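Have a look at the structure below, then the notes.
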Amino acid sequence: MEDILVRYLHFIGIIVLAGTLVAEHMLLVGQVSIEQMKKIARIDMVYGVSALVVLAAGLTLWFWVGKPTEFYTKNGVFHTKVTLFVVMGLLSIYPTVFINKSINKASRPEESLITIPKRVINIIRAELACLVLIPLLAVFMAKGYGFYG
């Protein structure tokens, strides 16, 4: 039963992570008001929490419940999947820092417009590209691809 609950938590975390990342992508366009940026910051915080849930549930599945540890440890597809997740995490640092700095720098909230740099948008698009590949790799893993044990 704990295996099922951890997998469910893992899936819910992934769904929330995907939803918040898509929301950020849709909201971070052109110029936004400070109030909009505060909403985006809350979405970004949920994104971060969901990433931690995915990580914690994933590590629990890897080391404590579910399939034997070797199933994951000796699977190249799994290592690629984890690498993409780490890349997503590293990429997310820049947009998060930008969002938080933008809120802190705004002098008069009612008049401030924040211009979103193309770099922030492109980084979020790169995160989305990683996110699109991770479930595909999970399907390959489930079919036994990548196991070299």
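Since every read-out is calculated from the coordinates, none of them should be taken as a lab result. The structure presented is a predicted model; accordingly, all values stated were derived computationally and were not measured. Here the Cβ is made from the backbone with ideal geometry for all residues, glycine too, and neighbour counts use every protein chain on show.
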Exposed-loop cut sites defined as chymotrypsin sites (Phe, Trp or Tyr not before Pro) in DSSP loop states with at most 15 other Cβ within 10 angstrom; longest site-free run of the chain spans 65-144
Per 0.36 nm of contour for each residue apart, how much would the distance between Lys118 and His79 grow if the chain were fully extended, relative to their Cα-Cα spacing? 11.0 nm
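Could you please report the charge total around Leu136, scoring K, R as +1 and D, E as -1 over all other residues with beta-carbon less than 14 angstrom from its beta-carbon? Before the final figure, lay out the partial values.
Details: positive: Lys81, Lys143; negative: none.
Cβ neighbours under 14 Å give a net charge of +2.
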Between their Cα atoms, which of Lys39/Lys118; Lys81/Lys101; Lys38/Lys101; Lys81/Lys118 are more than 23 Å away from each other? Lys81/Lys101; Lys81/Lys118
Please give the calculated 222 nm ellipticity per residue for the chain, where each DSSP H segment of at least 4 residues contributes -39500 (n - 2.57) and the sum is spread over every residue; nearest 500 deg cm²/dmol? -26500 deg cm²/dmol
Which Cα, out of Leu61, Ile116, Leu5, lies furthest along the positive dipole direction of the chain (beta carbon charges, K/R +1, D/E -1)? Ile116
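Counting Lys and Arg as +1 and Asp and Glu as -1, what is the net charge of the other residues whose Cβ lies under 14 Å from the Cβ of Thr20? Before the final figure, lay out each step's value.
Numbers: positive: Lys39, Arg42; negative: Glu24, Asp44, Glu127.
Overall, the nearby charge balance is -1.
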Magnitude of the Cβ-charge dipole of the chain, K/R +1 and D/E -1, about the Cα centre, nearest 20 debye? 280 debye
Cα centroid distance between region 65-128 and region 1-63, in Å? 10 Å
Can you pull the three principal axis extents for the Cα set of the chain, in Å, largest first? 60, 29, 18
